[in-house]
Amino acid sequence: MNNLSQIAFKIVNNILEIHEKNIVSVSGEIHNSQNNVFSLNEIAILEELSLAIRKKKAFPFIEISTERLKERFLSEIPEDVMHLKPEYYLKWLDDLDAFIEIGWKNINQNFVDDTYSKLQKMEQSLEDIWAKIIEQQKKFVFLNFPSPELATILDINYENLLSHYLKMLDSDYKVMYNKADDLTQALRGKINTIFTKENTLSLFIKNIPPKAYYGNIQSNQIVILPTGKIEMEVERSSLNGIYFAEKIYYKKNYYNSVKILFEDGDIRYLTFSEEKKGNFILENALMNSKMFCSISIGLNSGNRTLTNYYSYDRCIDKSVSFKFFDANEEPILVLNRQAIVKNI
């Protein structure tokens, strides 16, 4: 992790734009469960961020929790104590200028287990704090930092996941801005054709402002890293043809090489390249998906390798992904890195 210092510099200077005398909360959870050889990985990025803040003549306030401490909270602290509001923190919020949180669980609640969901009882006492952060327009950066637990859930190699993540953090955010600006102007409110592996899909992008995510704290109060994509709403009924999905992400699973046939927005059939137990579940979810859908185009050139984690892969430069929702509002991400989008 030799590039952590320049990553920290970019977050502090280019994204948060920290100024002299600012006070920045830097928080993270240390994964110190039994036999976890990667338990101190979060410490390194936390230290670099704190140093980068101090070099700006600003003040880092470091907040650390641990996996083991949360387990003890659950087993040893009475429920009435969990609901107590930290009034001191509410008062202190007025003096804080920005927040950086290291971790992935607060971003991807769908991946956490029943044990973690019990912690929501304790987190309910923090609702007033979060409301005040939003109201006062405090800058907030979530580092979607992977842990060994996340890699286990996804059944992928942790060291590879972390390596790809850091490559995407160490990106040129100015280049992302320029790409986002060019694409939003070129694609807004146009009929398009997407070419993927000898298949074509026609669609109509609605003539409403696209959403751009490239570390722009001025436009988005909350930035989730890694970032780099534009997202546009699609007229569902305009989908006609075949889309070749290099990857589909649904709940905790991912699927390789799936063809989807659309007719006037309806999905007629899916063709799978491999037999998996979850194929029928995915097929049923897609064929009964809600009418709302969107398309996003990745802008982040820091990493071009799929990680099998949709939050990272949707940002890969030139990746094209659709977002659908099943009957229970669960997202279904359909992605291809080699897709070509052209105006008719």
- For VAL234, residues with placed amide H under 5 Å, excluding near neighbours: LYS206, CYS293, SER294, ILE295
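Taking only DSSP H segments of four or more residues, each worth -39500 (n - 2.57), what value at 222 nm results for the chain once the sum is divided by all its residues, to the nearest 500 deg cm²/dmol?
Helices in the chain give a 222 nm mean residue ellipticity of -8000 deg cm²/dmol.
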- Task: In whole angstrom, note down how far apart the Cα centers of region 132-182 and region 232-279 are.
- Result: 26 Å
- Item | Amide proton proximity set for GLU63, modelled H, under 5 Å, gap of 5+ | VAL26, SER27, GLY28
- Expressed as cubic angstrom per residue, what is the convex hull volume of the alpha carbon set of the chain? 142 Å³
- Message: Test of understanding: in a Gaussian network model of the chain with alpha carbons linked when under 10 Å, which of ILE134, ILE248, ILE297 would top the mean-square fluctuation ranking?
- Response: ILE134
- Message: If I take every Cα pair under 8 Å that is 6 or more residues apart in the chain, average their sequence separation and divide by the length, what percent do I get for the relative contact order?
- Response: 14 percent
- Compute log10 of I(q)/I(0) for region 145-221 with the Debye formula, placing one identical point scatterer on every Cα and leaving out solvent, at q = 0.14, 0.19, 0.21 Å⁻¹, to two decimals. -0.78, -0.96, -0.96
- Surpassing 19 Å at the alpha-carbon level, of the pairs LYS190/LYS247; LYS174/LYS229; LYS197/LYS318; LYS105/LYS290, are LYS190/LYS247; LYS105/LYS290
- Note on the structure: Compactness check, region 224-344: C-alpha Rg relative to the 2.2 N^0.38 Å globular estimate gives 1.00
- Output ³J(HN,Hα) for region 266-282: one whole-Hz value per residue in order, computed from phi by the Karplus curve 6.51 cos²θ - 1.76 cosθ + 1.60 with θ = phi - 60°, and x for Gly and Pro. 7, 8, 8, 6, 10, 10, 9, 7, 9, 7, 9, 4, x, 4, 5, 4, 5
- Residues with amide H under 5 Å from that of ILE224, placed H, sequence gap 5 or more: PHE142
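Since every read-out is calculated from the coordinates, none of them should be taken as a lab result. What you are looking at is a predicted structure, and each value in this text was computed from that prediction instead of being measured.
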